[in-house]
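The values are calculated or read from the model by the stated rules, or taken from the named source; none is laboratory data. Computed from a prediction, not measured in an experiment: that's the story for all the values here. Every residue, glycine as well, gets a Cβ built from its backbone with ideal geometry; the counts of neighbours run over all protein chains shown. Accessible surface is based on the protein model in full, side chains and every heavy atom, while ligands, DNA and RNA are left aside. Shrake-Rupley method; radii C 1.70, N 1.55, O 1.52, S 1.80 Å.
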Amino acid sequence: MRGYFGIGIDNASKRGNMGNLLRTAHAFGASFAFAVKPKAYAHNGELVTKDFTDTSKSHQQIPFFNYKNAADVDIPQGCKLVGIEICDDAIDLPSFRHPLQAVYVLGGERSSLSSEMLARCDQVIKIPTKFCLNVATAGAIVMYDRHRMLGGYADRPVVAGRVPEAKAPHVFGGSRNRTAERKARAETEMSSEPKKKVRRNNMRNGGVVLRGLLASVFLLVVSVGTSVSAQQDSRRHLGSYRDWDAFVYGTGAKRTCHMISVPKSSTASKKKAKRGDIYMMVSHRPEFGVVSEINAVLGYPVRQGSSAVLRVDGRGKMEFFTEGSGAWAYDPKDDAKMIVAMKRGSSLTVAATSQRGTNTNDRYSLSGFTAAYNAITKACR
């Protein structure tokens, strides 16, 4: 893992907590640990080991420092001091991006971070819990979150129960052929341009569903485990239902059913905003127990932490969580509620914000939605 970090307690008062934190810091690869203005006794490695809270004898593996006050804490050059404290302007830990070089400091068991220490902090974060946690527990949670974010692990699956896709192995060394990379990008853009023209023309002509273009999208969505040629052979077009098309892939328990549509119109807050493929899809995947899963594909990386807002006929409001360029319901019950509303409505709008701050609004026709939904439900019954 790139970077380094240290962690400590301001106004530490219990050897047990210091030993617990030191052991956890050692386990997560901390470069050093420290205590600021410790109470009655010094918090050194030998004391916390004797207290049986650090059975790994971490003091023999990583440096441990004692400081008289906040001003004495020595922060390495280029390193950020991050306070962990419950306060109004603190950043929620799930939304925090950890610096590569960081020193984390927590308030003691009987007090908060001192005003002197808070003044030195570059950023302050908090763990969103109902009440404060044990200081060693809070430190362990922060170190785990750092490890999860910077450890180079594969992304979590969007759907529960799925096996995460393995990340490609890192290749060390080797020179980069930038000319070849530019040529490859140019070839990719040239090959995708006809698809963009088809999509724009179809939208002008009333939003005809892009069967050829979206078929390639479906091949990426269906369950992993069969070859592309096998998926193509098993793909069957159930029919066109006004502004929606329905498909089924595979047979038996592994079949997957989708219905799909593209927007009738799309608007953006910035002129000439570039977007990829935009579409709305509803899926049944019996093998995974997935029923009526709604997925809005927005054609751009969505701003981290933001939600997509769906409305039927301009009424009501349902927020979907976002990841990458897609949006999904927070709960299967929300999918069911939205399906009922879409059956009764005539149009659906999807509003979202890109990483660059561009606000978009896509309007879908719901004409033919019920018929297409009945078709995929029957096919995956």
Once amide hydrogens are built 1.01 Å from N within the peptide plane, the residues lying 5 or more places from Gly108 or on another chain with amide H under 5 Å from its amide H are Asp10
Which of the residue pairs Lys167/Lys254; Lys14/Lys37; Lys14/Lys68; Lys80/Lys126; Lys14/Lys130 have a Cα-Cα distance greater than 21 Å in the structure shown? Lys167/Lys254; Lys14/Lys130
Please list 3J(HN,Hα) in residue order for region 66-80, calculated via the Karplus relation 6.51 cos²θ - 1.76 cosθ + 1.60 where θ = phi - 60°; whole Hz, with x for glycine and proline. 10, 10, 6, 7, 4, 5, 7, 4, 8, 9, x, 4, x, 8, 9
Using a simple spin-label model with points 7 Å from Cα along the Cα→Cβ vector, what separation in nm is obtained for Lys80 and Ala166? 3.4
Amide N proximity, region 103-122 versus Asp89 label position 7 Å along Cα-to-Cβ, cut-off under 20 Å: 103-107, 112-122
Heavy-atom accessible area of Met149, protein chains in place, probe 1.4 angstrom, given in Å² to nearest 10, is 50
